[in-house]
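Peer 1: If you scroll down you'll find the structure; I have some questions about it.
Laboratory data are not the source of any read-out in this text; all were calculated from the coordinates shown. Quantities reported herein were computed from a predicted structural model and do not represent experimental measurements. Every residue, glycine as well, gets a Cβ built from its backbone with ideal geometry; the counts of neighbours run over all protein chains shown.
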Amino acid sequence: MKHTIQTTLAGLPKASPECRIDVKRRWRFDYAWPALKVAWEIHGGVYSHGRHTRGGGFTADREKMNEAALAGWLVIETTTGQVESGQALAWLERAVSCQCLRITKEALGSSRQPPPPHSDILIRPPWIQ
């Protein structure tokens, strides 16, 4: 809950919690912005030998992250410490901005250059004036 409050206060669109990405494998992202193909994974227990740092869990996570990347997802992976320090939010802001720019370029077609930053055509995240 506090993670969604943090991203909302930063002006990011509302994230979908526990967003399912593969029904067969039952994979989910902790939070995701499906329309932008941005996901956020928060890894806890990194100093207490939690699931994400042990052999089998680490290997399974690599499979999930690699498959997500191949499907076009931009996944930001953080620790709880990076959430608390604000670093995770900074990465998420950049990820959403990058994906908005990518979508804008795709909408314009590959033969055209992206519009200048002041153009009304460019899809801007709400925190960029």
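Peer 1: Hey, which aspartates and glutamates would be in cross-link range of K37, C-alpha to C-alpha under 15 Å, not counting anything within fewer than 8 residues on its own chain?
Peer 2: Partners found: E18, D22, E67, E77, E93, E106.
Peer 1: Under the rule of at least 5 residues apart or a separate chain, name every residue whose amide H is placed under 5 Å from the amide H of D30.
Peer 2: Amide H neighbours of D30: W40, I42.
Peer 1: Net charge around G72, counting only other residues with Cβ within less than 15 Å of its Cβ (Lys, Arg = +1; Asp, Glu = -1)?
Peer 2: Its environment carries a net charge of +1.
Peer 1: What is the spin-label model distance, in nm, from K14 to T59 if the labels are put 7 Å beyond Cα along the C-beta direction?
Peer 2: 4.0
Peer 1: On to the next question. What order, most packed first, do the peptides 57-66, 81-90, 95-104 have when packing is the mean number of other Cβ atoms within 10 Å of each residue?
Peer 2: Answer by packing, highest mean first, reads 95-104, 81-90, 57-66.
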